[in-house]
Each structure stands twice: as C-alpha cells, then as structure tokens.
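Just below is one structure, and these are the notes that go with it.
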Amino acid sequence: MILRLVWENVRFRPIRTLLSIMLIAVPVTLILTLIGLSNGFVEDSKKRSAGVGADILIKPPGSALMSLSSGPLPEKLGEALSKEPHVVIATGTYVAPLPGGFDSVSGIDPAAFARMSGGFIFTEGHNFQRPDDMLVDTYYARQHHLEAGSVTKVLNHEWHVAGVVEPGKLAHLFVQLHVLQDLLANNGRVSQFFVKLDNPNHTDEMVEYFKKKYDPDPVWSIREMQSLVSVDNIPLLATFIHVVIGIGVVIGFAVVSLSMYMAVLQRTREIGILKSLGATKGFVLELILAEATFLGFGGTVIGIVLSFVSRSVMQIVAPASFPQAIVYSWWPIAGGIAMGAALMGALYPGMLAVRQDPIEALAYE
C-alpha cells in the first residue's frame, strides 16, 4: 500500500520529483568527482614514478614525500651515487612547477633517463635535438592541442615540441636538464635522484645504507614511496574532502526538507482522508519517509551516472591536469550520505503531517 501511494504521488508530480532527485544528485556527484580526482592524482603519480624504472628515490634534506623542491641537491652527487655498491645508474632530475600547481616540467639527462627507464615510446616526432626542444605526453598534448612541430610557451620561454610520447614516465613535460638549469639560473642543482640497482632484492639494504651515509637526505624505495602516497598524505586534501562531504549533507538535507515540506502542504487533504480512513500516525510518517527514501535512492543513482559524465569531460578537457578515477568503494558511502540527508530532511515535514488534525485537513483549501 505504501509503495503504491508513494509511486502515485511521484508519478503525478513529475517535475517536483525530478528536481528533488537532481538536487540530491548534485552533492553525490560532487563527492564522487572529488574523491575520483584525489585518487586519480595519486594513481597517476604512482604510475609515473614506477615508469622511471628506478628502485630508490633520494630527495633534498627536509623535503616531504609529495613536495616539489626546485634544485637544492648538487648534481655531482650523482657521480658518487653511481659508484656505490649495487648501483647500476643514478640520475638527477630538475622539477619546475608550473603556475596553478597541477603540472610541472622535468629536466632530464636524456641518455641516463633512457638507460634507466627504457626510453620513451613516441607516438609522433623524435627525441631531443635542439636546446629548445620539449617532449610532451599524449595527455598534455591533447589537453593543450599540441603536436610534433608545435610551439608552446612554458615558464615564459618558447619551446619547440620535438615529440609526443606515451604517458606514464615521471612527468607530462620534459626538457633537457642543463637547459632547464640555465633557464632558471640553478646550474649544477637537481631536485631529486633516481637510483637503479643491479638487483631489486638489495633495495631495502641500500636504502638503509644511503640513509646512514647521506643523512639527512630523505631516502625512499620506490615501492615504499608508492605505499605511502595516498590522499591522506596530501596536505589539506583530506580536510577539503570532509568539508565537501559536509556541504553535500547540508544540501541534501535542505533539498529534501523543502521538497517534503511542500509535499505535505500539497497533500494536506490526502493526509486528512487517510487519517479519517483509519491511518495511524506511524503509517503517515512511514509514507513520508518512504518517499524521501525514493528521492534519496534516485539522487544516488543519478549522481553516480553523472560522475561518469564528469570523468569523460575531464578526459576530454584536461586529461593531464585532472586525472579522475572511478572509486567504486565510495558509491555506498556517497549513497549513504544522500539517503541519510534525505531521511533527516523528511523528519520535520513528516512530524507536521503526523500532527495534522483530520477535520482541519479535510477542510483545507
């Protein structure tokens, strides 16, 4: 009986029902998109770090795992690292963050980087030939409409796009190390060192060795680094996510509360008839909450669908800057938030409906 009444009510008020569902879907989409972007950044970072082919990462003193330091390590340290036991090759890279904080340019030694990572896979163009040559991956090329032979302005300098490479190796943009050092007046300095060993089984042993010898430089194995990189380790991101979730709860609560309040007003006579026919207070409250549950469920489903739409838009508009993932484990969480907000929002209108006098309700115009 209750399901039939709920269905007839939403069917005869399609515009109000659709608007309520869409407004509940907005915070669900917002939460899933933000979580998807956060996890997308993390997974993209892990993939690009693994693509370097190194076993160990060494960063400047006092730097955090996720920080982008600009060249405080001496480049000559690479020669000393290359002579250490089990080390096949050590190469430094210079990281120059771009305005906006989502992208950076990596200065590399082309020969050493190719030896460590196995080299780039070109989709078009060729490797470095001129000092102003730049390599970009397919994500960045698609986002900025670049191709081999294009000219792009980065760091207030015009670069010739020599080639477009497959993504997944360290960064989205590459220039030659000494060129970037000269451009930023930081000659002889690098941001970090990647170290490749003759046998990955020696990684933990060499990490401890480097920590003792090169203290206080932070040293991580690439495996350890990937296990530590998470949304919680990105400054302020976890707090931001909680704030957005809170906003989602407030929006869902307000939308359903307003919708249910209007529904109660519109159905005053209907509720009076139900009470006059013997409907209990519990039955009327259950009817209101059932409709709120329907709206919350519909908003959750639409919100999940819209998160796929947002990912498709991100992949077209900004695949390099905003790598969005679909995090299935957050579907029930976002759904629970939407359903909880919907039920809480329906409580006050539901109590109003319960307290209505049948005689007054039947006389309501």
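The values are calculated or read from the model by the stated rules, or taken from the named source; none is laboratory data. This structure is a prediction, so every number in the text was calculated from the model and none was measured. Glycine also receives a Cβ, built like all others from the backbone with ideal geometry; neighbour counts cover every protein chain displayed. Quick note on the areas: whole protein, heavy atoms, side chains included, nothing else; ligands and nucleic acids left out. Shrake-Rupley method; radii C 1.70, N 1.55, O 1.52, S 1.80 Å.
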Based on the mean of other beta carbon atoms within 10 Å per residue, what is the order of 143-151, 319-327, most packed first? 319-327, 143-151
Long-range amide H partners of K169 with built H, under 5 Å: none
Expressed in square angstrom to the nearest 10, the accessible area of I337 with a 1.4 Å probe stands at 30
Table column - 3J(HN,Hα) (Hz), the stretch 29-34, Karplus curve with 6.51, -1.76, 1.60, x for Gly and Pro: 4, 4, 5, 5, 5, 5
Rounded to the nearest percent, how much of the accessible area of the stretch 87-169 (1.4 Å probe, protein heavy atoms only) is carbon and sulfur? 48
Could you derive backbone 3J(HN,Hα) for the stretch 292-300 from the dihedral phi with the Karplus parameters 6.51, -1.76 and 1.60 (θ = phi - 60°), listing whole Hz in sequence and x where the residue is Gly or Pro? 5, 5, 4, 5, x, 5, x, x, 5
Reported to the nearest 10 Å², T138 has, with a 1.4 Å probe, an accessible area equal to 40
So how much accessible area does W331 have, in Å² to the nearest 10, using a 1.4 Å probe? 70
For S191, list long-range residues whose amide hydrogen, built 1.01 Å from N in the peptide plane, is under 5 Å from its own amide hydrogen. G71, T93, Y94, V95
Relative contact order for the stretch 23-182 using alpha-carbon pairs under 8 Å, separation at least 6, rounded to a whole percent? 25
Residues whose modelled amide H sits under 5 Å from the amide H of D103, counting only those 5 or more places away in sequence or on another chain, are L98
